[in-house]
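One structure below.
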Amino acid sequence: MCSERAGTPLIHSLERARSLRVAVIGAGMAGILAVIRLRESGITDVTCFEKADDLGGTWRENTYPGIACDVPSHVYSYSFAPNPDFSRMFSPGGEIHEYLRQVATDHGVLDVVRFGEEVLTMSYADQGWSVVTTSGVQGRFDVVIAATGVLHHPRFPDIDGLDTFEGKIFHSARWDHSVELTGRRVGVIGTGSTAVQITGAVIDDVARLSLFQRTPQWIMPVDNQPIAAEQRTAFREDPERLRELREFLERSFAENFADAVVDADSEALAKIEAICRTHLEMQVSDPELRHRLTPDYRAACKRLVVSGDFYDAIQRPNAVLVTDPIDRIEPGGIRTVDGTLHELDVIVLATGFHVDKFVRPIALVGPDGRSLEEAWASGPTAYLSVAIPGFPNLFLLNGPNGPVGNFSLIQVAELQMDYILQLVELLRDGRATTVEARADATAAFEADRIEAARGTVWVTGCNSWYLDAHGVPAAWPWKFQRFRDVMAAPDLSAFELQGGTT
Ligand code: NAP
């Protein structure tokens with residue numbers, strides 16, 4: 001059911017095909033996809049290394065109360081595995097994890113996943129990658145696909161006294177489910193998507209919730225009602241309806257959001273801003289609280305937070321919005337610079353992630369002895385976010401400077417995988433033994449990208465995880481259609497092909 005790939009002439013004659021040994025790193029959403037698509041294309045020698053003991057990536061790691069995806073589920077799902085049974089338009093994280101598990105099981109992915117095997121080093125020589133994992137040498141692979149994720153290195157805040165707290169303290173991505181929140185005084189540091197979801201989810205249970213806000217957020221309202229059983233039955237019985245819904249959501253997500261954020265002057269962005277402002281004005285009645293919740297930057301400059309219950313939650317009698325900056329953490333709680341000690345039993349660090357790691361901490365060395373660390377000394381870059389000069393036959397899914405903030409990452413990974421498979425096919429059919437992005441093509445792409453980023457909303461005056469160390473948005477600054485177009489077929493003049501026999 002997965003093989004309808006319009007316009008991708010992937011498979012030449014199977015008799016001509018050289019057999020390739022391929023490693024996939026990571027069994028999250030993108031790694032599962034890579035295994036499925038590689039095998040569909042006829043490559044049978046595929047091994048997927050997964051550091052954890054379960055698949056699911058971000059959906060395995062993030063289990064905090066209220067977790068959901070802010071992209072509609074019928075778009076945040078594989079095009080080849082539509083799911084009529086999503087319970088809501090924005091389904092809870094556990095359901096997405098279950099969906100990924102089901103797709104992996106249905107496609108036999110688990111047969112090739114080596115759980116508990118973290119890749120430690122990779123070095124390239126004699127047209128192959130030597131891979132070493134926690135259990136030792138794994139031999140050589142012709143091709144490696146790194147599906148290592150983006151948001152999974154927790155960022156712990158640099159706050160004095162973090163270690164002195166006598167209650168329970170943990171990062172949102174390392175939720176400690178043994179800690180009871182009911183009736184406790186809970187502090188949440190941060191106001192990103194994570195903190196906002198946690199706030200809405202725990203407010204009914206906790207004795208007091210203190211939300212430590214350094215920067216207010218614009219919040220796009222959503223009415224995330226359950227999808228009625230009759231509707232789910234209708235999707236099941238008539239897959240065409242589900243396909244139409246997906247197409248509609250994809251189109252409207254692209255037009256109303258993805259294309260808006262890359263054009264700071266667009267009408268669509270003005271509409272988003274108006275919706276967020278009206279949401280705040282309608283939902284928060286106290287002018288003083290409203291003032292403290294009002295950002296001084298444009299909506300969607302930071303990653304837009306989506307929530308239907310945050311404003312209600314933060315106005316509850318047991319909620320406290322703390323806007324005085326944090327001075328330090330003490331055994332009894334968090335002291336703010338005004339001298340107040342906010343006494344707490346539990347502190348949740350919803351302080352985000354180090355977003356520029358990508359394949360690292362794997363120690364990766366290319367054929368000329370240059371490490372990835374050296375290649376990325378001034379920040380991670382990759383040609384169209386999928387291939388890195390100096391590192392042949394290595395491809396990235398959801399790599400640096402791709403469309404992290406604008407589209408469904410599953411859709412992005414699918415388009416990238418189709419593109420990568422066309423490059424892998426050059427290796428299979430003997431046109432090359434190595435495929436490597438050219439440095440000049442990568443530099444030209446980067447220059448265009450940086451120039452285009454000047455027109456996006458991300459540079460209109462806020463601090464966010466989209467901005468790299470140079471203040472440039474580490475993202476795709478063009479419309480979605482452009483991404484589709486460039487991913488449709490590789491421009492081979494951007495690649496160095498070596499060792500071909502045909
Ligand atoms: P985030 O957006 O990076 O937010 C981190 C928050 O912590 C910010 O409010 C930041 O304040 C605050 N913070 C960091 N260090 C601090 C310090 N020392 N003192 C006080 N506050 C501090 O992280 P996130 O909320 O985990 O979300 C990350 C991304 O994951 C999202 O943007 C989204 O792409 C994805 N995500 C998606 C969903 C969803 O699908 N709904 C849910 C969760 C996460 P400043 O703003 O002042 O820096």
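The values are calculated or read from the model by the stated rules, or taken from the named source; none is laboratory data. What you see is a predicted model, and the numbers here were worked out from it, not measured in a lab. As a convention, Cβ positions derive from the backbone with ideal geometry for all residues, glycine included, and neighbour counts pool all protein chains shown. Heavy atoms of the whole protein, side chains included, go into the accessibility calculation; ligands, DNA and RNA do not. Shrake-Rupley method; radii C 1.70, N 1.55, O 1.52, S 1.80 Å.
Figures for the structure shown
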quantity	calculated
Test set (1) touching a Lys or Arg at 6+ places or on another chain (Cβ under 9 Å); (2) within 30 Å of Ala195 (Cα to Cα) - Phe141 fails condition number	(2)
Positions within the range 359-389 being touching a strand residue (DSSP E or B) at 6+ places or on another chain (Cβ under 7 Å) and open to solvent by 10 Å² or more (accessible area, probe 1.4 Å), in sequence order	Ile362, Ala363, Val365, Pro367, Ser371, Tyr383, Pro389
Cross-chain or 6+ apart pairs with Cβ under 9 Å, the range 461-488 first and closer than 15 Å to Leu304 by Cα and within 12 Å of the ligand (Cβ to nearest atom), then part of a helix (DSSP H, G or I) and small (Gly, Ala, Ser)	Ala475/Ala453
In the range 458-472, residue nearest to Ser385 (Cα to Cα) [restricted to those that are touching a strand residue (DSSP E or B) at 6+ places or on another chain (Cβ under 9 Å) and not aromatic (Phe, Trp, Tyr)]	Leu467
Within the range 188-230, considering residues that are over 14 Å from Ile314 (Cβ atoms) and in a strand (DSSP E or B), the one nearest to the ligand (Cβ to nearest atom)	Ile189
Condition check for Ala319: of a type outside the set (Asp, Glu), more than 15 Å from the ligand (Cβ to nearest atom) and under 23 Å from Gly200 (Cβ atoms)	yes
Criterion violated by Asp356 - all others in (1) under 24 Å from Phe483 (Cβ atoms); (2) surrounded by 18 or more Cβ atoms within 10 Å (Cβ to Cβ); (3) within 16 Å of the ligand (Cβ to nearest atom); (4) not aliphatic (A, V, I, L, M) satisfied	(2)
So Ala441, is it more than 19 Å from Leu304 (Cα to Cα), surrounded by fewer than 19 Cβ atoms within 10 Å (Cβ to Cβ) and more than 16 Å from the ligand (Cβ to nearest atom)	yes
Qualifying residue in the range 333-353 (condition: in contact (Cβ under 8 Å) with a residue 60 or more places away in the chain, small (Gly, Ala, Ser), assigned to a helix (DSSP H, G or I) and more than 13 Å from the ligand (Cβ to nearest atom))	no
Boolean, Phe407 is under 24 Å from the mean Cα position of the chain (by Cα) and assigned to a strand (DSSP E or B)	no
Matching residues, the range 78-94, being within 16 Å of the ligand (Cβ to nearest atom) and either surrounded by fewer than 18 Cβ atoms within 10 Å (Cβ to Cβ) or over 13 Å from Met29 (Cα atoms) (or both)	Phe86, Ser87, Arg88, Met89, Phe90, Ser91, Pro92, Gly94
Count of residues meeting criterion [away from the ligand (no atom under 16 Å from the Cβ) and in a loop (DSSP other than H, G, I, E, B)] in the range 174-187	9
Tabulated pairs, the range 89-110, first over 11 Å from Ser77 (Cα atoms), second within 13 Å of the ligand (Cβ to nearest atom) and acidic (Asp, Glu), C-beta under 9 angstrom, 6+ apart or interchain	Phe90/Asp70
Helices (runs of 4 or more DSSP H) fully within the range 232-316 counting 1 or more residues that are touching a residue at least 40 places away in the same chain (Cβ under 8 Å), open to solvent by 70 Å² or more (accessible area, probe 1.4 Å) and under 30 Å from Ser79 (Cβ atoms)	239-253, 267-283
Test: Ala23 is small (Gly, Ala, Ser), part of a strand (DSSP E or B) and either in contact (Cβ under 8 Å) with a residue 24 or more places away in the chain or in contact with a Gly (Cβ under 9 Å, 6 or more places away or on another chain) (or both)	yes
Residue ID - surrounded by the fewest Cβ atoms within 10 Å (Cβ to Cβ), chosen from residues in the range 109-128 that are part of a helix (DSSP H, G or I) and among the β-branched types (Val, Ile, Thr)	Val112
